[in-house]
Amino acid sequence: MTIAQLHSAFNSKQKTKQEVLSECFRAIDAQEGCLNAFISFADRQALWQKAGTPFRSDLPLDGIPFSLKDNFMTQTMRSTCASLMLDAFVPPYDATVCERLEKAGALLIGKTNMDSFAMGVATDTSHYKATRNPLNPSLSAGGSSGGSAAAVKSGMCLFSIASDTGGSARQPAAYCGAIAMKPTYGRISRFGLTAFANSLDTVSIITNNVADSLLILRCLSGVDGRDMTCVDAPPYQMPTKPRIAYMTHTFSDELEWLAQRLGDDGFQLTKVPSFFTTDWMDAYNDISAYEATSNLARFDGTRFGLRGPIDEVRNRGFEPSVKKRLAHGASLCTAQYRAALCVRQQIADNFHALFDRFDLLLCPANKVPAFTLGTEYTSLECDFFLAPANMAGLPALVIPYQTGGIQLIGPKWSEDLLYQIGHWIGERESA
Amino acid sequence: MGFPGTMPYLNASVVQKAITAGLALDASINLQSHFDRKHYFYPDLPKGYQITQYEVPYCENGSVAVNGRRIDITRIHIEEDAAKTLQEGIDYNRAGVPLIEIVTAAQLYSGDEAAKCFEKIHSILVCAGVTTGRMNEGAMRCDVNLSLHQSGMSLGTRTEIKNLNSFQAVKRAVAAERKRQMIILESGNRVKQQTCRYDEKSNRTIPVRDKETATDYRFMRECDIPDLVLTQKDIQSIRIQLPPLPDAKKASLQEHFDLSDEQCDVLLCRNWALSLFQNASTFCNHHQTLYHLITGVLFRIEADDVTINPQDLALIATWIVQDKLSTSKGRELLTLVIQSGEAPQQLANDYSLWQINDDRRLRDSVTKAITQNEKMVSDYLNGKMKVFPALVGAAMKQLSGCGNAQKIKCFMQEELYKLSIK
């Protein structure tokens, strides 16, 4: 059921908030032991009490259980970023997204597992356990937001807020068969989200259906006075007859087929040559690592988290995957970073030129199909079709399709169009 | 504190003040500037980097006049403060607070000039309303960079003395550091590039941090703060609100009043004195007399909260000029007026402060003084000139100090001359 349908049921007393909450608890009890989607859980008693209050139709998310990736700050629970460095850290404040969701009536079930400091593609670098894929537990759930995707797909919560720096929310969602929206950079406040690469990090939404994603986006969008990069979305003119471009790759025959079916349904589709390249990924790799060394400099063992002499703390507290990324960032000089920024401009220019002629791009989500736990894949390989949207700050929606997922990318602020087409594809798929 | 997930926010009033400061220091404002991260590890830097403006500051190419010479200001930029390191730990309350940093060119050649330059900038910024200027409250502080070289040779290695918070400290610290560097250089060694602090008690500069190896600050754009974009309109609206600044005020003072350079500086330092002077001068145009009354009496009491009617002040000054009061009796009267709040006329009568100008009485006092001080008179006639003031004093005493001093001196000289030719 969608959130809207649930609210309708709450209203007509066909279902109660506590029933929905206990469904989530049952899913957790049945599958968490296998999946390891969560790091911390909120107190069940307290949640039960909250869910026992009368339904309020004026609160858009009243009674809806959700989870937050553990790199979002929450006062009520420790926020670890899945690292020993912050294993015992309970922040003195809540992230903006947490505040807004709770104000809208949503119930925070817990904090989900992730790759340490959001650096990874399999949620297997977590200081805690590795997260498994609910569709097939021998497979990885993807990363770095594996816990969020697994929790949503398995019904442990109805939606999850994750972060996406180079594909971190979209890739696991695609692997687990869930939906992920990475909005335009600047649409949702990042206040309270531990920064990895602050010019790329984007608060993202993982749900089981498009309607829910749209509803949650509305609740979270807009300025909060604490993040200078967050702005109110300017009005977006929805095209009446969207012109859709599509790019395929070696194993995306499914995409070709989807394009045909959309064409049959009356949409304007044009195949265009793929502009995704490994140069783009190298630039993403350099920029994200360079920014990470800056953003993680604050973990020095003096004020919070793991304490001790700085080199000892950073050696012991950071996981090997984090250290590797920081080492790469530290090895880059300013000139290399500048060169990567030039490539970034190229990426933006390419998309800009494309969106002069078209309203939407349909392309693959994953370059690498879902892999078994223990396989070594890097971001360079996995994020091939995903990172460029972060580099250009553009909105991207990933929806499950056939054996994998497909991605819709649009110009800035075009989330409504992405949802519209995404919804259509979803309906088509289930038809 | 640099907790994860926290983000910087540039507050609007900093930008206002920064533009005001730039205009007050005659600099040009860059319409587009941005912020950078300067990375280094130090316990007082919670994020591991400081947000500053490295590549493009918001303001450049200003100047300030010191001792009639033009000192260039190369740049002014906005940045965040570090935490405060104390004996017992680190106080993080200051970390992240915005400040503006004003950098002058290397054109100052003594501790005195450096102190004067600091003082000038300080007075301009206080005048413009950018800062309270209260250095003991941390509103403003100064770092001095210093090097020594032999004339004709290239500039020597420079050291930086940080966190000076008074004009005197600047002067003394420069002298101390000069001494320290001289000792090193004269013994044939080289000066190390270091950061120093000035210790007031021992009057020494003490090296604190080695800056020998150039730190790679890995400057990176601060992407969480959008570019600082200003319009000519923004700048104009601030420019027209600028109050008259010290140099302009001084020029105006000298144009309208008979005051010296130093006297203007003195009045400009205290707003209350300046307005009192200006008000009183509308009733009395004897500016020097007014000035000396203010500095001689009111400065002694630091009359911040003392109210004195400008008309009364003008009246007393006029009486002094008209020889109705001596200068010292004038001061006494002013003090009485302040203490009692009563009218000057009445007080002068009650305390018999009026000057005695009647020749007959004056000559009488002189005669009496001569008669009563035979020994001094004969000393004088025998060549001991220095007893003259004492004889004058004796005459003055006869009149309770109210005699016209000039005339008494005159008459005394006359009488003594008469005696000498007898």
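Between region B:28-71 and region A:177-211, the alpha-carbon centres lie 34 Å apart.
Of the residues A:ALA118, A:PRO273, A:SER138, the one whose Cα sits farthest towards the positive end of the charge dipole of the protein assembly as shown is A:ALA118 (charges of +1 on Lys and Arg Cβ, -1 on Asp and Glu Cβ, taken about the Cα centre).
The orientation-averaged projection of the convex hull spanning the C-alpha atoms of chain B amounts to 31.2 square nanometres.
Peptides A:158-171, A:328-341, A:57-70 ranked from most to least packed, by the mean per-residue count of other Cβ atoms within 10 Å: A:158-171, A:57-70, A:328-341.
Rounded to the nearest 20 Debye, what is the dipole magnitude of chain A about its Cα centre when Lys and Arg each give +1 and Asp and Glu each give -1 at the C-beta? Could the numbers behind the result be given before it?
On the way: 39 positive and 43 negative charges, 134 e Å.
It works out to roughly 640 debye.
Per residue, the convex hull spanned by the Cα atoms of the protein assembly as shown amounts to 250 cubic angstrom.
Cross-link reach is defined here as a Cα-Cα straight distance under 29 Å, omitting same-chain residues fewer than 8 places apart; for B:LYS409 the lysines meeting it are B:LYS324, B:LYS329, B:LYS368, B:LYS375, B:LYS384, B:LYS386, B:LYS397, B:LYS418, B:LYS422. Here each label is just a point 7 Å from Cα along the line to Cβ, and for B:ASP143 and B:TRP354 those points are 6.7 nm apart. Relative protection proxy for A:71-84, B:41-54, B:363-376, A:386-399, from highest mean packing down: A:386-399, A:71-84, B:41-54, B:363-376 (other beta-carbon atoms within 10 angstrom). Note on region B:266-422: with charges restricted to the Cβ of Lys and Arg (+1) and Asp and Glu (-1), its dipole about the Cα centre is near 760 debye.
The slack between A:ARG56 and A:ARG243, meaning 0.36 nm per residue of separation minus the straight C-alpha distance, is 63.3 nm.
For the pair region B:348-422 and region A:248-284, the centres of their Cα atoms are 115 angstrom apart. FRET efficiency for the A:THR372 to A:GLN49 pair, using the beta carbon distance and R₀ = 56 Å, is estimated at 0.85. Sparse packing (at most 16 other Cβ atoms within 10 Å of the Cβ) combined with a DSSP loop state is found for the following trypsin sites (Lys or Arg not before Pro) in region B:188-240: B:ARG190, B:LYS192, B:LYS201, B:LYS211. Against the main long axis of the alpha-carbon atoms of chain B, helix B:310-321 sits at an angle near 50°. Think of region A:7-72 as a dipole: +1 on every Lys or Arg Cβ, -1 on every Asp or Glu Cβ, centred on the Cα centre; then among A:VAL20, A:LEU68, A:ALA42, A:VAL20 lies furthest on the positive end.
With R₀ fixed at 25 Å, the C-beta to C-beta distance from B:ASP247 to B:THR132 puts the FRET efficiency at about 0.75.
One compactness figure for region A:283-349 is 1.31, namely its Cα radius of gyration divided by 2.2 N^0.38 Å. Between A:ASP253 and B:ARG239, the distance separating the two model label sites (each 7 Å from Cα on the Cα→Cβ line) works out to 7.1 nm. In the calculated pair-distance distribution of chain A, the portion above 31 angstrom amounts to 35 percent of the Cα-Cα pairs. Over region B:50-204, the pair-distance histogram of Cα-Cα distances with 10 Å bins from zero comes to 10, 35, 38, 16, 2 percent, rounded to whole numbers. Among complete DSSP H helices in chain A, those whose alpha-carbon atoms stretch at least 20 Å along the helix's long axis and whose mean Kyte-Doolittle hydropathy reaches -1.0 are A:17-35, A:278-295, A:334-357, A:415-430. In this structure, A:LYS103 and A:GLU427 have a Cβ-Cβ separation that, at R0 = 30 Å, corresponds to a calculated FRET efficiency of about 0.40. Label reach from B:ASP364 (point 7 Å along Cα→C-beta): in region B:371-409, amide nitrogens under 18 Å belong to B:371-372, B:394-405, B:407-409. Label zone (B:ASP199, point 7 Å along Cα-to-C-beta; backbone nitrogen cut-off 17 Å) within region B:125-167: B:161-164.
Modelled label positions at A:CYS333 and A:THR403, each set 7 Å beyond Cα in the direction of Cβ, lie 4.7 nm from each other. Rounded to the nearest 20, the Cβ-based charge dipole of the protein assembly as shown about its Cα centre (Lys and Arg +1, Asp and Glu -1) stands at 2140 debye.
Helix B:167-186 sits at what angle to the longest principal axis of chain B, using alpha carbons and giving 0 to 90 degrees rounded to 10? The helix B:167-186 is inclined about 70 degrees to chain B.
Per-residue ellipticity at 222 nm, computed for the protein assembly as shown from helices alone with -39500 (n - 2.57) per DSSP H run of at least four residues, works out to -12500 deg cm²/dmol.
How many angstrom lie between the C-alpha centres of region B:93-161 and region A:397-423? Region B:93-161 and region A:397-423 have Cα centres spaced 57 Å from each other. Residues B:SER151, B:SER326, arranged from fewest to most other Cβ atoms within 10 angstrom of their Cβ, appear as B:SER151, B:SER326. For region A:324-370, the square roots of the Cα gyration tensor eigenvalues, ordered a ≥ b ≥ c, give a/c of at least 1.5 with a/b no greater than b/c, which places it in the oblate category.
For chain B, the longest principal axis of the alpha carbon atoms and the long axis of helix B:405-420 meet at an angle near 50°. Highest mobility in the GNM of chain A, judged by mean-square fluctuation with C-alpha springs under 10 Å and restricted to A:ASN133, A:ASN350, A:ASN36, is found for A:ASN350. Ordering B:THR371, B:MET412, B:PRO243 by the projection of their Cα atoms onto the charge dipole of chain B, which places +1 on the Cβ of Lys and Arg and -1 on the Cβ of Asp and Glu, puts B:THR371 at the extreme positive end.
We did not get these values from a lab; they are worked out from the coordinates using the rules stated. None of the values given here were measured: they were computed from a predicted structure. We place every Cβ from the backbone using ideal geometry, glycine too, and count neighbours over all the protein chains shown.
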